1. State, as an integer percentage, the relative contact order of the chain based on alpha-carbon contacts under 8 Å between residues 6 or more apart.
2. For the peptides 56-69, 96-109, 15-28, what is the packing order when you average, over each peptide's residues, the other Cβ atoms within 10 Å and list the highest mean first?
3. Which part of segment 337-366 falls in the paramagnetic zone of R268, meaning amide N under 15 Å from the point 7 Å along Cα-to-beta-carbon?
4. Can you compute the label reach from F330? Point 7 Å from Cα along the Cβ direction, backbone N cut-off under 17 Å, restricted to segment 18-59.
5. Which order results if F276, F298 are arranged by neighbouring Cβ count within 10 Å, fewest first?
6. Could you work out the relative contact order of segment 9-146? I mean the mean sequence separation of Cα pairs under 8 Å and 6+ apart, divided by the number of residues, in percent.
7. Rank these for me by crowding, M111, M318, M13, going from fewest to most other beta carbons within 10 Å.
8. Every cysteine in the chain with no other Cys Cβ under 4.7 Å from its Cβ, please list them in numeric order.
Amino acid sequence: MPRVYIKTFGCQMNEYDSGKMRAQLAPAGFVPTDDVDDADLVIVNTCSIRDKPEQKLHSFLGRILPQKKVRPLTVAVAGCVAQMDGGKIFKKYPTLDLVFGPDAVGRVREMVETARTRRVLDTEFFGTDGYPFSSDLDPDATGKVGSFVTIAKGCDNRCTFCIVPTTRGDEASRPADQILAEVEGLVGQGVREITLIGQNVNSYGLKVPGMPTFAQLLREVHAIAGVEVIRYTTSHPRDMGDDVVACYADLPKLASHLHLPVQSGSDRVLRRMKRFYTRARYLEVIEKLRAARPEMNFTTDFIIGFPGEQDVDFEDTMTLMDAVRFEGSFSFKFSPRPGTPALRLMDEAVPDGVAQARLQRLQDRQRDLQIEAHAALVDQTLRVLVEGPSAHDEGVVCGRTSTFKMVNFPGDPALSGQWVDVKVTRAFANTLRGEVVGGELVAP
Ligand code: SF4
């Protein structure tokens, strides 16, 4: 049986696309492998959101392509870097067999077949009307507790720092019947937790008259028997409507955690980023969600050192952090991406040392907030959906609460997919440690 190794960089959309590639390749006999040296086909699914993942692609290719001299091997580059720089990559690496963008994922099997006889470059965009979302189920989802389901692709926003509209094109919403059928299929494979994904899930369906809204879609997914937890990502604060907030009051399976990227706490910087919300609007959304679901846990993204960010802007970000008390965040120094409008602001670039010092301060405060929030959970009993064995500790399993807290505790891997009550015994910055209370399983 031929083996396929897929290296995935970047976001959940890329992970999901990798799953679709595995599904596409399965009928051609390809079996997934975790060992790159054992693979007949290697696909690197790339990310262009920052500079670093791009550099990782080049170092990965530098290691893998020489293997083609000593064994039969097909090597492909997929994803956002392929979409953006496909032609250049194709030229730079003459032994590369295949380069294709996110819109070509559904054709991977044919392209791999063609690559036996000639090199293939496919970075065409589909239009958004009738966009061909793939309905194949990732064979790797079998036996897993959670799975992603894409509900939309691309983005119609034009945040000035972001390259996604260039690499993934305009937004297209997937028909609801396809989404619901995929959720049902995954539940049939044993999946209990569904994460709906898209670049901006909140604007789902708004472009096409008659399509359900995101809030209506949440309600339909909630009605599917066997779904235990519903998460979604990514949300744009501007599009977080009251109808979605109401779901938190009405839908118990909707997780008590929301990743809501704020990027900055300064109105001036938010304007320059073209985010189309203010700090006050962001805080209002948080307040409404907490009113609907008091136990909500919020995480976010920050870009530090956006061109023109001054000390006073950064202080606004720090005070917003404390106002919300985020319990996790992804934070990065601004990294200029080719072709984005923010490049025009580079004459106001923040010196690297200043940006680095601000980032460090923010990350230190973030860590303190997490430690404080987790310390408050010690001695509390939390309901945890078990995901499987811990990657680090033998005899230990891990799972997540509805609030997205990772809890490790001694237990049998056979508990995977079950809810257990776990008493928290120790708190760390990123995880909790606990023990099953009385060894009793809890009905979902
Ligand atoms: S909403 Fe903004 S940051 Fe998010 S994908 Fe669209 S353009 Fe990029």
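1. Numbers: 879 pairs, mean separation 43.6, N = 444.
With pairs under 8 Å counted, the relative contact order is 10 percent.
2. Numbers: 56-69: 14.3, 96-109: 22.6, 15-28: 20.9.
Packing proxy ranking, top to bottom: 96-109, 15-28, 56-69.
3. Within reach of a label on R268: 348-351.
4. 18-19, 45-57, by backbone N distance to the label point.
5. Details: F276 15, F298 21.
Ascending number of Cβ neighbours within 10 Å: F276, F298.
6. Numbers: 182 pairs, mean separation 38.2, N = 138.
Relative contact order of segment 9-146: 28 percent.
7. Details: M111 21, M318 14, M13 25.
The fewest-first ordering by Cβ neighbours comes to M318, M111, M13.
8. Here C11, C47, C80, C155, C247, C398 come out as lacking a disulfide-compatible partner, given the Cβ-Cβ threshold of under 4.7 Å.
Any read-out appearing in this document is the output of simple, stated calculations on the displayed coordinates, not a laboratory observation. Because the structure is a prediction, the values reported are computed rather than measured. Neighbour counts run over all protein chains shown; Cβ positions are idealised from the backbone, glycine included.
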